[in-house]
1. Only counting other Cβ atoms within 10 Å, I'd like Arg158, Arg132 sorted with the fewest neighbours first.
2. If each residue's Cβ is checked for other Cβ atoms within 10 Å, how do Trp271, Trp125 rank with the fewest at the top?
3. I want the local charge near Glu154. Using Cβ-Cβ distances under 13 Å, sum +1 for each Lys or Arg and -1 for each Asp or Glu among the other residues.
4. What number comes out for the charge environment of Arg51, summing +1 per Lys or Arg and -1 per Asp or Glu over other residues with Cβ under 10 Å away?
5. Highest mean first, how do 72-80, 99-107, 32-40 rank when packing is the count of other Cβ atoms within 10 Å averaged over residues?
6. Whole percent per 5 Å bin, from 0 to the bin with the longest distance: what is P(r) over all C-alpha pairs of the stretch 42-180?
7. Hey, can you grab everything whose amide H is under 5 Å from the amide H of Glu242? Only 5+ residues off in sequence or another chain; H modelled, so Pro and N-termini drop out.
8. Step through the table entries Lys41/Lys168; Lys73/Lys119; Lys145/Lys190, compare each Cα-Cα distance with 21 Å, and write down the pairs that go over it.
Amino acid sequence: MTDDAELPPGGKVKPPKDRSPSFPFISLPAAIERLVAYETKFGRHPTPANRAGLAWDMKEASSQAAQTLAALKSYGMVDYQGAGPSRQTNLTEDGRNYLRAQQESIKKDLIRRFALTPKAISTYWHEWGARRPIDAVCLDQLVLKAKFTQSAAETFLRVYDATVAYAKLTDSDSLDTAGDEPGSQNERPKIEVGDWIQAEVNGSLQFSDPRRVRAIQQHDGMTFVFVDGEKSGIPFESAILERKGEALPKAVFTPTLELPEPERGAPRKGWKEERLIDDEGGEIFISYQGDPSTARYEFIRDYLDFKVKRTKK
């Protein structure tokens, strides 16, 4: 974990890069096929998550198996219990009901619920409606505004189109159809500072063990979660609550997203200022009163030597 003394002045942490918002990497019809195969292999009993791939002829604990299981969870068909190697996976009530329902009308209602359970699909369904804009417009919205990578945006559109078509959604379908009203089984657990979470990005778990939440902050209309040992934030929708924790003391460092700095004005009267550029192109300013002198530079050197020794420790 990064020590507070080693952080730059102001404790600024850069926002995440190349982390698209979470969404299921397979479409709803493919997920339903995987759900049926899962139930055929394991029945309706809790199953070790790292063995789920056996249901789809995939290697145990492989990335492909983990992404498939994450997709089923995103659609609300399965859920997790526990953490780490002991993590279990269970069919949700909706998943069980779909598998045992005899009436086609019940299955159709559950399919519509599955389709709108993933947050990303639900968000853009309610914005685009039954006839979404052309690919170029949607891709610009996903990449430039929602921070998808180009490849993730293209994959999302394919998943979105196949899911909406399969569920036969109409403009009357809403979040209520997906069972996301307060108190429903799909309501997202509240995540707070001090809790322990796992991160799931594009179907892959990011940490070997749960991490403690140090801060939750807004940036460009999105919410990011900061955890121990990571400088970059995690999109809030990618965070999975593992267990509740205790609130951190206020004295603990709270990261701040790095925002564009206003144009720097002239030094204060009687002050000198020197500007340095580091190897990564970052700016460093040294300010002092009076005129430059050997004694002044030696003092700055001694102070920097002290900081170097501390960070090495």
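1. On the way: Arg158 12, Arg132 16.
Result, fewest neighbours first: Arg158, Arg132.
2. Working: Trp271 11, Trp125 24.
If I rank by nearby Cβ atoms, fewest first, I get Trp271, Trp125.
3. Details: positive: Arg158; negative: Asp135, Asp140, Asp161.
Result for the neighbourhood of Glu154: -2.
4. Working: positive: Lys41; negative: Glu60.
After counting each charged neighbour, the total is 0.
5. On the way: 72-80: 23.3, 99-107: 11.1, 32-40: 17.6.
Going from most to least packed, we get 72-80, 32-40, 99-107.
6. 2, 9, 17, 18, 17, 16, 12, 7, 2
7. Residues meeting the criterion, in which the H sits 1.01 Å from N, are Trp196, Ile197, Gln198.
8. Numbers: Lys41/Lys168 29 Å; Lys73/Lys119 12 Å; Lys145/Lys190 25 Å.
Cα-Cα > 21 Å for Lys41/Lys168; Lys145/Lys190; rest within.
No lab work stands behind these numbers, since they all come straight from the coordinates. Computed from a prediction, not measured in an experiment: that's the story for all the values here. Cβ sites come from the backbone with ideal geometry, for glycine too, and all protein chains shown count toward neighbours.
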